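K.L.:
Got a structure for you, written out below as structure tokens; questions coming shortly.
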Amino acid sequence: MARRVGKAGEGEGAATGQTVETTPLMLVGGDDDLAIQQRARATWEAWCRAAGGMDHEVIEGTAGTVGEALAIVGRVREAIQTLPFFGGPKLVWLKDCTFMADERGDRASGSEAVTGALGEWAAELKAFDWRDVRLLVSALKPDKRRVLFKLFEQRGVVEWFAGLSADDKEWAAKVTAEATRLLQASGKAVDYEVAEELAQRVGPNLRALSNEVEKLMAYCHGRDRVTAGDVEAIVSRQKQAQAFGLGEMLGERNLARALRMLDEELWEIRARIDKRKSEVGLLYGMISKVRSMVIARELMQAGLIKPAATYGAFSDQLKRLPPDVLPSDRQYNPLASPYPFYRAVQQCRNYELPELVRAMELLLEANRRLVGSDADEARILQELLVQIIGRAPGRGGGVTSRG
């Protein structure tokens, strides 16, 4: 059995003796290309330090054609069969392999010739004498149904790194934590709120996050702290984060930025860049944000929760909430999406409770107009934001807790 390791390094399967340090066969895969590359590189360097010597081979696994894929398989087979020139252990890394992918996603991997070659290679590896030989493969989205993948599961170690997506309710917290780690590893001090803003601009994309952190490092050269102004000046808002950003600007009561984001979203809808988006979908996102702020405001007034400096501290409060104070319907229960609720608790102080109740009425009226009239959708949503946000934040936004 293989030992599988998830995104945060937690075991997903039972190990049966094989470890990263001892296994002759290791596959690092998943759909998070940055994590795959980082983990494979760290594993390779650790193997090389432990083995010593210099006669180790790295074979690039990117193949655009069937012929290239077959040639790469041949080179790897030859490499593991060839003894080191100076003796000692032999290490081989098939790096960034593309032809192990699901055949729907890669032309070369869907070829019968490539499938047959991988099957033959798997049979060869199964009978291979692995004394003093180790093979590392890193591959984006390898097909788990293939015999080669199953061989790594049965005889070696598989580490799987799942990528983040907007469907993950905790993506913002995960990206915030990674942003903090990357900035601190680069020698920069950063407040949690700054890392949070960076995550909200980047969205659920760790590759984009790494690129934006590099830009920040160059922009902040000579300073030991990254500020919110730095993030605003240098970090562009990624497409995956735009819809999230519209709700954020509604929560922050920032009318100018909310209208700009709405215009960007409407342009994408009309250009049919993302066919899943719609004007009604944008409205429902705003309804969800306001509903969460209403619940947050009521819980704060009851003294059951309060704003926290970090998501971790806020999560501890949620664990202590009496279960009967929250909606039983999962669709309306904020615990189904705890990170967005954490943001709602921070932002609800920008509105008085009657304003939030009025906002819900405006949203429901806008929904009726969107689905039941021929009025211009953009105008309806623009007027809605103006009516809800209305004035600058900060007037009478404090909350007095009881109990």
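K.L.:
Would you tally the residues in region 182-205 being part of a helix (DSSP H, G or I) and either of a type in the set (Gly, Ala, Ser) or free of Cβ contacts under 8 Å to residues at least 24 places away in the same chain (or both)?
P.N.:
Residues of region 182-205 part of a helix (DSSP H, G or I): 182-185, 192-202.
This time we only want the ones that are either of a type in the set (Gly, Ala, Ser) or free of Cβ contacts under 8 Å to residues at least 24 places away in the same chain (or both), so: 184-185, 195, 199.
Matching residues across region 182-205 total 4.
K.L.:
Can you tell me which condition Pro340 does not meet? The list is (1) in contact with a Leu (Cβ under 8 Å, 6 or more places away or on another chain); (2) within 15 Å of Lys289 (Cβ to Cβ), and all the others hold.
P.N.:
(1)
K.L.:
Could you say whether any residue in region 164-179 is basic (Lys, Arg), at pLDDT below 90 and assigned to a helix (DSSP H, G or I)? Walk me through it before giving the result.
P.N.:
Kept after step one, since they are basic (Lys, Arg), are these residues of region 164-179: 169, 174.
Cutting the leftovers down to at pLDDT below 90 gives us 169, 174.
Subsequent filtering for residues that are assigned to a helix (DSSP H, G or I) retains 174.
The answer is yes; a qualifying residue exists.
K.L.:
Whether any residue in region 351-361 is free of Cβ contacts under 8 Å to residues at least 24 places away in the same chain, surrounded by fewer than 16 Cβ atoms within 10 Å (Cβ to Cβ), within 17 Å of Gln301 (Cα to Cα) and of a type outside the set (D, E, K, R) is what I want to check.
P.N.:
yes
K.L.:
Also: Checking the condition farther than 25 Å from Ser165 by Cα and free of Cβ contacts under 8 Å to residues at least 12 places away in the same chain, which residue from Gly61, Gly53, Gly116 passes?
P.N.:
Gly116
K.L.:
A follow-up question, please. Determine which member of the set Ala309, Ala258 is outside the structural domain of Glu178 (by TED's automatic domain parsing), at pLDDT below 90 and of a type in the set (A, V, I, L, M).
P.N.:
Ala309 is the lone residue from the list that is outside the structural domain of Glu178 (by TED's automatic domain parsing), at pLDDT below 90 and of a type in the set (A, V, I, L, M).
K.L.:
How many residues are modelled with pLDDT of 90 or more and among the aliphatic types (A, V, I, L, M) if we restrict to region 51-62?
P.N.:
Count: 2.
K.L.:
If only one of Ala179, Ala208 is without any contact (Cβ under 8 Å) to a residue 60 or more places away in the chain, small (Gly, Ala, Ser), surrounded by 14 or more Cβ atoms within 10 Å (Cβ to Cβ) and over 28 Å from Val290 (Cα atoms), which one is it? Before the answer, list the steps.
P.N.:
Details: Ala179 fails: over 28 Å from Val290 (Cα atoms).
Matching residue, one of Ala179, Ala208: Ala208.
K.L.:
When the residues of region 273-321 are narrowed to those that are outside any helix (DSSP H, G or I) and of a type in the set (Val, Ile, Thr), which ends up nearest to Arg343 (Cα to Cα)? Give the steps one after another, and end with the answer.
P.N.:
Just the residues of region 273-321 that are outside any helix (DSSP H, G or I), to begin with: 273-278, 302-310, 320-321.
Adding the requirement that they be of a type in the set (Val, Ile, Thr) leaves 273, 305, 310.
On the way: Ile273: 28, Ile305: 13, Thr310: 10 Å.
Filtering region 273-321 for residues that are outside any helix (DSSP H, G or I) and of a type in the set (Val, Ile, Thr), the one nearest to Arg343 (Cα to Cα) comes out as Thr310.
The values are calculated or read from the model by the stated rules, or taken from the named source; none is laboratory data. Worth saying up front: this structure is predicted, and the values here are computed from it rather than measured. Glycine also receives a Cβ, built like all others from the backbone with ideal geometry; neighbour counts cover every protein chain displayed.
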